[in-house]
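Read-outs throughout are calculated quantities, based only on the coordinates presented, and are distinct from any laboratory measurement. In this text, all values refer to a predicted model and were calculated from it rather than measured experimentally. Because the Cβ atoms are built from the backbone with ideal geometry, glycine has one as well, and the counts that use them run over all protein chains shown.
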Amino acid sequence: MDRCIVLVDAGYLLGAAASLLAGEPSRSRITVDHTALIQGLRERAESDTQQPLLRIYWFDGAPDRVPQPEHRRLRVMPRVTVRLGALTRSDGRWAQKGVDAAMHAELTELARNRACSDVVLVTGDGDLLPGMMAAKEHGVAVHLWAVQAADGDYNQSEDLVAEADERRVLDRTWITKAVRAKDHTGGCAPQPAPRPEIAAILSAPLPESALGTTTERPDPQPRHPAAGPGQNGTEERVPAAKGVPTPKDLAALRAPGTQPPQHPASATLRWSSDKGWVDRPTAEPPEAASMPTLAQLTTAEQRWADREEDITTVGGDPFEVGQVFARRWVERLGDQSHLPKLSGMYPRIPHRVDGELLRYAARFGLLAHKDDQIDERDRYAIRAGFWREISVRTGVEHPPLDG
């Protein structure tokens, strides 16, 4: 058949692009416009082979072979088929399993069935050499494309390069039409500066119940908790004093009648939050508990439309994810009196809404490579996006979240 097919090893293509643009092969260092990338592959393949495109096969790895947001967007594009291998973690690194075998099987089957006259391979894996040779034996012309190497050398198997019928290098100019390096100079959650009130909290005296079994308060310079000289000159073990008060200890300090005279005025019960440390009541106010969640405001039809928008439009950037969630929540909120109440709670998002926001963000692959936990910087960006959209909708400007 006089048509061409493109087989893309996404791990090679995007890893080599990251090395070229960001200096290391981590795909988290780049942002990819998949629509522009697929269009560029199609145009280049049709130009090089002088044949119309039949299909682009996108081979990639995913944890438990579960499609990630980029895979969901790719597989609804015209003439694109996604094939997923496993993504496993070993010694702290992620590795693809089964991707090269799947490419080999697809290449061999397409050639055997004479589904095309030309095959374009975007890969550097020498394991595909037998498949390439089999395709050539079935009369298929094999075009091998490489991504420009960051050091100017080869980033492909030498045997693979030697066996290909035609070779092409995708240079930096071509790559940057769809891929760009992320700017990591300005994170969403800079390290907080030292706060004097935290030192005051830690210097607060503890209630007697927090000092273990001893009846005296610990010395300002306590001895090593494991051992000390006994009365007979021998070493004896002494109970360890608790050096850092817990919120429960500090709550006891604040109870009526229990505050010692030397209790500093600034040593109050505080909880960590998006802005460092803030006073927090024991329970959320009634207006926070009464705020509806997005799930409660969404109909079945809207849920279906949301899913389509997530797949085709939302890119998965943490800040953008927070904005999209907030936009949907505000647009479906019947009682607009909740908005000024919400603005007054800044920077804290009501617990139920915040939990739903983070679960929504998890659908965009923000958990995929982080041991099932959203990265701290991503959490700041998600919530910053949420508050930015609330500011736009209410006209109330909030100071930026700064860790």
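May I ask you to work out the translational diffusion coefficient for the stretch 286-394 at 4 °C, viscosity 1.567 mPa s, via Stokes-Einstein with Rh from the Kirkwood sum over Cα pairs, reported in whole µm²/s? Rounded, D is 91 µm²/s.
Peptides 329-340, 376-387, 44-55 ordered by packing proxy, namely the average of other Cβ atoms within 10 Å per residue, highest first: 376-387, 44-55, 329-340.
Positive-end ranking of Pro340, Trp304, Gly322 along the dipole of the stretch 301-340, with charges on Cβ about the Cα centre, is headed by Pro340. Counted residue by residue at 0.36 nm each, then reduced by the alpha carbon distance between them, the extension gain from Arg79 to Lys136 reaches 18.1 nm.
Pairwise over distinct Cα atoms, reciprocal of the mean inverse distance: report the Kirkwood radius of the stretch 4-181 in Å, one decimal place. Please report the intermediate quantities before stating the final value.
Numbers: mean 1/r = 0.0613 Å⁻¹.
About 16.3 Å, per the Kirkwood formula over Cα pairs.
Residue ranges 299-312, 168-181 sort as 168-181, 299-312 when ordered by packing (mean number of other C-beta atoms within 10 Å per residue, highest first). Computing FRET efficiency as 1/(1 + (r/R0)^6) for Asp153 and Arg327, where r is the C-beta to C-beta distance and R0 is 51 Å, gives about 0.60.
For the stretch 292-337, the alpha-carbon radius of gyration amounts to 1.17 times the rule-of-thumb value 2.2 N^0.38 Å expected for a compact globular protein.
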